[in-house]
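The values are calculated or read from the model by the stated rules, or taken from the named source; none is laboratory data. Since the model is a prediction, treat every value here as computed from it, not as a measurement. Don't worry about glycine lacking a Cβ; one is built from the backbone with ideal geometry, like all the others, and counts go over all protein chains shown.
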Amino acid sequence: MDIKLFLQAIIKYVFGVLIVGGLLFIPANSFDYWNGWLFMGLLFIPMFIAGIILMIKNPELLRKRLNVKEQENEQKWVLLFSGLMFIAGFIIAGLNYRYRWIEMPNVVTIISSILFIIAYILYAEVLRENTYLSRTIEVQENQKVIDTGLYGIVRHPMYAVTILLFLTIPLVLGSIISFIIFLIYPIIIGKRIKNEEKVLEKDLKGYTEYKKKVKYKVIPFVW
């Protein structure tokens, strides 16, 4: 086992738990915010299991997923706006619980939780299909175009899945105001995809032909 990679993963995991917990429960001014606990369970329990599996079976992919340092200047702004979206959305969700601004039916939370789990499963499938996936825009050595499975339906299934994931988050948290904030995410992703496809067309052999074969970027028959 790569001890350095293991420690890096554990530190980032614990840091993530503390940050998300703080952004939710401090504004809520209570640990009784059950939507917050539900979301953290849905997010961090599968994340821990997936991290262990990657550590054992594919440590190189785990290393790529932990790397968030973008080389493309344009993408640094995308990451910044994404981060601000999450911070604002989580804080507003906590405040919504604290002050009872708009309360949503429990059935919305339940349905959203189911959709979140489905999206998480699809996320794992995308990682299984494409071991070149990193969290930064780059073309890696010996990288090949993947055109089967979910990649035979849309060119960017990872972004399709994350849109579903992220739009269910505020509903799991019980905040329609946060949901409105999170609606900025598809716009952010559209900007990221535009830049990413320029890089892939330039540096990844066969990607131009792949674009002709798979016409939709994220949503079949729509976009």
Can you list residue pairs whose Cβ atoms sit under 8 Å apart, with the first residue in segment 210-223 being free of Cβ contacts under 8 Å to residues at least 24 places away in the same chain and more than 13 Å from residue 156 (Cα to Cα) and the second being among the aromatic types (Phe, Trp, Tyr) and in a loop (DSSP other than H, G, I, E, B)? Count only pairs 6 or more apart in sequence or on different chains. 222/216
Can you go through 213, 217 and tell me which one is over 24 Å from residue 42 (Cα atoms), more than 16 Å from the chain's Cα centre (by Cα) and either surrounded by fewer than 16 Cβ atoms within 10 Å (Cβ to Cβ) or of a type in the set (A, V, I, L, M) (or both)? 213
Which numbered condition trips up residue 13, out of (1) without any contact (Cβ under 8 Å) to a residue 40 or more places away in the chain; (2) hydroxyl-bearing (Ser, Thr, Tyr); (3) crowded, with 16+ Cβ neighbours inside 10 Å? (3)
Residue within segment 97-119 that is touching a residue at least 60 places away in the same chain (Cβ under 8 Å), in a helix (DSSP H, G or I) and more than 22 Å from residue 162 (Cα to Cα) present: yes
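For every residue, the table says whether it meets (1) modelled with pLDDT of 95 or more; (2) more than 22 Å from residue 64 (Cβ to Cβ); (3) among the hydrophobic types (A, V, I, L, M, F, W, C); (4) in a helix (DSSP H, G or I).
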{"residue": "127", "(1), (2), (3), (4)": "no, no, yes, yes"}
{"residue": "132", "(1), (2), (3), (4)": "no, no, no, no"}
{"residue": "136", "(1), (2), (3), (4)": "no, no, no, no"}
{"residue": "146", "(1), (2), (3), (4)": "no, no, yes, no"}
{"residue": "179", "(1), (2), (3), (4)": "yes, yes, yes, yes"}
{"residue": "192", "(1), (2), (3), (4)": "no, no, no, yes"}
{"residue": "200", "(1), (2), (3), (4)": "no, no, yes, yes"}
{"residue": "221", "(1), (2), (3), (4)": "no, yes, yes, no"}
All but one of (1) touching a Pro at 6+ places or on another chain (Cβ under 9 Å); (2) without any contact (Cβ under 8 Å) to a residue 12 or more places away in the chain hold for residue 5, so report the exception by its number. (2)
